[in-house]
1. Give the aspartates and glutamates whose C-alpha is closer than 16 Å to that of Lys233, dropping any in the same chain fewer than 8 places away, or say none.
2. With the dipole of the stretch 213-368 worked out from charges on the C-beta (+1 for Lys and Arg, -1 for Asp and Glu) around the Cα centre, which of Tyr296, Ala327, Ala214 lies farthest toward the positive end?
3. Ranked highest first by average number of other Cβ atoms within 10 Å, how do 204-211, 243-250 line up?
4. Starting from the alpha-carbon convex hull of the stretch 380-457, give the projected area averaged over all orientations, in nm².
5. So for Val25, Val140, fewest C-beta neighbours within 10 Å to most, what's the order?
6. How large is the convex hull of the Cα atoms of the stretch 213-368 per residue, expressed in Å³ as a whole number?
7. Could you calculate the contour length gain from Ala46 to Glu442, that is, 0.36 nm times the residue separation minus the distance between their Cα atoms, to one decimal place in nm?
8. Near the amide H of Leu224, under 5 Å away, which other amide H atoms are found, from residues 5 or more places off or on another chain, if H is placed in the peptide plane?
Amino acid sequence: MDLRTYVSAEQARARGRAARDLVPVLARDRAAAGHDRPTVLEFVEASNAGRIERLVPLRIGRMAASPFTFFRGAAGLMAADLAAGPDSGLPAQICGDAHAANFGLYGTQRGEIVMDINDFDETIVGPWEWDLERLAASLVLAGRESGATEDDCARAARDAARSYRRTVAELAELPFLRSWTAMHDESILSAAQAQDLVDDFAKAAKKARKNTSAKVVAKWTEHLDDHETGISKHRFVSDPPILTPVDEQVAEAVIDGLERYAGTIRESRRALLARFAVADVAFRIVGTGSVGLHSYVALLHGNDGEALVLQLKQANPSALAPFLPQAAPRHEGERVVAGARSVQSETDILLGWSTLELDRRVPVIVRQFRNLKGSIDPAGLSADDLDDYGRLAGALLARAHARSLDPRVSAGYLDADDEDFETAIARFAVRYADRTEADHAELVAAVAAGRIAAEPS
């Protein structure tokens, strides 16, 4: 870190303009598929490597449900296509899987509800435009799923890119500390010109405030009284295939992992964690891309009936890593946590990482399972609201990238008054959505022909 040399706004913008001269924004309007992309079945087979074999058909079933769900499980396939495209040469800490459903609401340590990117399994340092192009393509797919017209879908993708560009321009003018600490509460709706989502945000926030460990206990556990110790406990109730019990050996491995994880959170929070004790552990299936990975929930009891539910989720190498020239991280869980801490305005106070000693060493991230979390389903929005969601997500993504890539540089590249950028992004997004629909159809045909097994979720 060099704290002796100041980079002026003009110098930073000049760097962006120089990158633009080498890679014009119109270069983003290109073919969807890369020359060296694997076939759909080759991709699926490779991405299933290392997963729990009995759960692979469930993952395939979820991916086969619709083109949008296929897209959500195919970050690695899109990375192969993006790697063949133009690169601005301006890297940032990217989400790596910034599709429209990976923006959500969650609670800060003060109980405020904010909205931000909320999935960092694929996070890595890479071209910022990969995140934006994935977001834009996902909006087209989500719109098609909800019955929006092609014009509506394209407009949502274009508005996301325009909002990204304009937010970058605004952040570039702010004092560094103000741009760094910009929060993502309900005020972001006005900033992103997404006022039509006020009701959707309020409804999601209301649900999020009820989404707590106490609710998990009420819904998923049964009450037990330990007569020897006088402590009231709960244990998970099996609900296969989503929630299932684990044997004693796995439970002990999870508890050992949690004790090691304590060293990855701040010292004051270690003292907080130490006041709890684990009451039960269960295996829980989550998501689409994560199905088949090790994923556990641990129920901890605290003061006077208090409960805390932590999730331990396997951290695989980023699906983007094969396409980016950088050394492997020392721990995949640490990579995910570091990425979240770099990108989010506020992270879960109990976010950390560990390693589970199972039949093999499994790196995991650890976080609160229910931390006032909520979401707005982009595939459930009306056509009139989809473009508002695009503007909201575009603004959130710009703020996320600005925490690692100087927004003055990005503003120099994007040029605050140039609409060619969002036009190019939208055209590629529509083209990539078409490509995804063809990929999804190929997977569905392979399932129908018995070439690959699938189970409904």
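Nothing in this text is a laboratory measurement; each read-out follows from the coordinates by a stated rule. None of these values were measured; they are calculated from a predicted model. So basically every Cβ, Gly included, is an ideal-geometry build from the backbone, and we count neighbours across all protein chains shown.
1. Leaving aside aspartates and glutamates fewer than 8 places away in the same chain, those within reach of Lys233 are Glu222, Asp225, Asp280, Asp304, Glu306.
2. Going by the Cα projections, it comes out as Ala327.
3. On the way: 204-211: 16.8, 243-250: 13.1.
Most protected by this proxy first, the peptides run 204-211, 243-250.
4. For the stretch 380-457, averaging the hull's shadow over all directions gives 8.3 nm².
5. Lowest count first: Val25, Val140.
6. Spread over its residues, the Cα hull of the stretch 213-368 gives 136 Å³ apiece.
7. Full-extension gain reported as 140.9 nm.
8. Answer set, sorted by chain and number: Lys233, His234, Arg235.
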